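Written below as structure tokens is the structure these notes are about.
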Amino acid sequence: MARFQPKEPFDGVIERTQAESTPWWPTPPHPGDDAPNVVVILIDDLGYSHFGCYGSDIDTPNIDRLAAGGLQYTNFHVTPVCSPTRAALLTGRNHHEVGMRSISNFSTGYPHMRGHITNHATTMAEVLRDEGYTTFAVGKWHLCAMENASAAGPYDQWPCQRGFDRFYGFLEGETDQFHPELVYDNHAVDPPATPEEGYHLSEDLVDHAVGFIHDTTSIRPDRPFFLYLAFGATHAPHQAPAEYLEKYRGRYDEGWDVARERWFAHQVEQGLVPEGTELAPRNPGVDAWDDLPDVQKRLAARLQEAYAAFLDHTDAQIGRVVEALERLGRLDDTVIVLLSDNGASQEGGPFGVMHEMKFFNFLIETPEEAIERVDDIGGPNSHANYPWGWAQAGNTPFKWYKQNTHEGGVHVPFIVHWPAGIADAGGRRDQFHWVNDVAPTIYDLLGIEPPDVYRGYEQLPVTGTSMRYTFDDEAAPSRKGVQYSEMMGHRAIYADGWKAVTRHTPGVPFDDDTWELYHYDVDRSECHDLAAEHPEKLAELVALWWDEAEAHNVLPLDDRTIELFGARFRDHSPHPTDRRYTYYPPMTPLPAQVAAAIGGRSWDLDATIERPDGAGGVLYASGTANSGVSLFVQDDRLVFDYNCFGDHQIVESDVPVPTGRSVVGVRFRRSGDTAVATLVVDGADAGSVDVPFAMRIMSSVGPSVGYDHGSPVSRRYDDEFAFSGTLERVDISLVKPGDGPAARAQDAEDAATDQRSTMARQ
């Protein structure tokens, strides 16, 4: 019989006995004893001027310290929203190339929008891990299809399956900072404390980041590490500990016009914008501060205070990471990269909001209404976002916002700190660069070549440009000559100091878009449109945009939003085609986009229970104390609480819930903006309540079955209020009005509901 041949490499000798044989051990991969650690810190929805070292008066001493000890880039760009930036950052490719045209909640059936990073594009974590690095991801992911973000998976695009050894954070685009939905490696976990005990997500994330670093440094100090730390901050909801909120009281009473002027003056003084740069005019919809009514000023100032407190608190957590590296003697040998994923957000609307979900329900919360809860802003009982005026201030000196391809949406701060490798501490660099340049820069610093084939997948070429050449030469010309941009039809192209850009209106033919032209080298803030003066240059750049679009998988252009959700109810999806869901507890809480889509729809819910005398508790709850629904048994009665942004519509059954086995539930019937909720006990109506407004979007926090996780939806209980009987199952059916125009209208509204829900979590 032939001798066994091992499949793994073996360079020893095998004879009949150990004495005659020669052992051999494979050498594990290692990047070399001088390989630095790598830390990439990503902040969410933060504009170019928000850091103190980029012009604002928000206290960011730890970030400022990194800038003073490293390089501060003044011409760095990202995509206009979060998931695409993250995909380009981690892969070194353009976002369309890797399947992330827009946020990961979408999947359109085309290669440029799959809702996850293609397996044909390795992440930095995959590349570095194979070189011998230990790899950690902490914080926001938002790079897997959201319908796959539940305990049912599939898990193939979760962090631990895309190159990270450990993960602690959240998978969605946003989460509540005091009551987050958390995942540890591949399973959901509860926060380790409550807000009353001092809990805040940013602190929790850094606790785990430092813990991961300590684990590897204590046990395997020979192995360098890669940490990807992606804060939920400063995405809405803007929430911070009380002492940080108090610190900024009254700081912004002077308003956004004065703040923009002062922040811009700081930028000019510090050389953060080229000489001759102008402050862009206020965006349409942003009024002069002095023209605002007093109540609007008071609300807007308080909302900006919450944002500043949130960023200040985040800076303190970054300081904890830096201090941990310093204590370990690892700071000098660690490459720290710090940036934002897009510009400041416009999603707070013209006035700002106490509860951002109101904005996405097309409920214009007037300042007079919001001011009644002004002291809640920034705390656990708010989901606040600031108004357009403060968002543009954060994008000083630029115009427009997140989602747009003008500079306000894509021009962000970028800092590299590496004492062992950067001699020009405190230097500034003004070469044009893009987010897909980060990964090739790291590979260049480490002497790593990304693989051509990874686990059997032929790899797309890395299309980013290494920035290493800028480290030692402040005056080096930019090696990034051309870069396109596209988001939901908004388009732009940069080429050798010129930029063409257009804001697209959905439904308007793309050929009818009005393109603007700027001599970018001398007009960084896009104040002087030269399209009429140089039509030949504009035509050249527009033609170049189409060439780049062909080359980088941008096509087909797609400005759809509502229509993208027509395939929600399809085969092989958590949303069954018959629109019927059955949940068997105990089970992990469901992410909002995975759960039964009851927002803005008519629906039936039935809970099959076995109840001993006196047993009560929650049967089904979705949302938070800020908004949501809860069905529960209390004092032997069935109760339904419809919490519409703090306005509770409650109905209690007019008959007791039987002991023993029964089926109880609620029938929710929407008609236009209103609805009626009717309780049902063993098939018989048992009371109803009129709902003045049927929420299309309830919350970014999904449901739990048999208890209420997170902050309690109803004020009639103050904890999880788990059902103390036996809950066999919960059945939810979405009610369609049938065929014909009514059904089509309902489907259109359903699609609109889904689109608004998704955009709320960008």
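Bear in mind these aren't lab numbers, they're just calculated from the coordinates by the rules spelled out. All of these numbers come straight from a predicted model, not from anything done at the bench. Positions of Cβ are generated from backbone atoms using ideal geometry, with glycine treated the same way; all protein chains shown enter the neighbour counts.
For PRO29, what charge total do you get from the other residues with a beta carbon under 14 Å from its beta carbon, if Lys and Arg give +1 and Asp and Glu give -1?
-4
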- Item | Those GluC sites (Glu not before Pro) in the stretch 401-492 that DSSP places in a loop and that have at most 15 other beta carbons within 10 Å | GLU474
- Message: Test of understanding: ordering TRP418, TRP546, TRP25 by Cβ neighbours within 10 Å, fewest first, what list do you get?
- Response: TRP25, TRP546, TRP418
- Task: Using the Karplus curve 6.51 cos²θ - 1.76 cosθ + 1.60 with θ = phi - 60°, work out ³J(HN,Hα) for each residue of the stretch 525-538 in order, rounded to whole Hz, and write x for Gly and Pro.
- Result: 9, 6, 9, 10, 6, 9, 4, 6, 7, 10, x, 5, 5, 4
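Which chymotrypsin sites (Phe, Trp or Tyr not before Pro) does the stretch 412-495 hold that lie in a coil by DSSP with at most 15 other beta carbons within 10 Å? Could the numbers behind the result be given before it?
Numbers: sites: PHE414, PHE432, TRP434, TYR443, TYR454, TYR457, TYR469, PHE471, TYR484, TYR494; in loops: PHE432, PHE471.
Taking the stretch 412-495 and a limit of 15 other Cβ atoms within 10 Å, no loop chymotrypsin sites (Phe, Trp or Tyr not before Pro) are found.
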- In Hz, Karplus ³J(HN,Hα) per residue of the stretch 375-383 (6.51, -1.76, 1.60; θ = phi - 60°; x = Gly, Pro): 6, 7, 4, x, x, x, 9, 9, 10
- Rule-of-thumb check for the chain: C-alpha Rg over 2.2 N^0.38 Å? 0.99
- Item | Extension gain (nm, one decimal) between GLU261 and LYS7, 0.36 nm per residue minus Cα-Cα | 84.7 nm
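Residue separation times 0.36 nm, minus the C-alpha to C-alpha distance between HIS528 and THR505: what's the value?
So the chain would gain 6.1 nm between HIS528 and THR505.
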- Message: Per-residue counts of other Cβ atoms within 10 Å, averaged by peptide: what ranking do you get for 171-183, 39-51, 526-538, 363-375, highest first?
- Response: 39-51, 171-183, 363-375, 526-538
- Mean Cα-pair separation over length for the chain, i.e. relative contact order, pairs under 8 Å, 6 or more apart, %: 15 percent
- Query: To one decimal place, what Kirkwood hydrodynamic radius in Å is obtained for the stretch 568-760 from all pairs of distinct Cα atoms?
  - Reply: 16.6 Å
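Among DSSP beta bridges whose residues both lie in the chain, state the antiparallel percentage, nearest 5.
If we restrict to bridges inside the chain, about 75 percent are antiparallel.
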- Shape metrics for the stretch 483-560, restricted to C-alpha atoms - Rg then Dmax, Å: 12.1, 35
- Note on the structure: Residue separation between ARG580 and ASP654 times 0.36 nm, minus their alpha-carbon distance, gives in nm 23.8 nm
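Can you tally the net charge around ALA316? Count Lys and Arg as +1, Asp and Glu as -1, for every other residue whose Cβ sits under 10 Å from the Cβ of ALA316. Intermediate results must be reported in sequence, preceding the final value.
On the way: positive: ARG320; negative: ASP59, GLU203, ASP312, ASP315.
Combined, the nearby Lys, Arg, Asp and Glu give -3.
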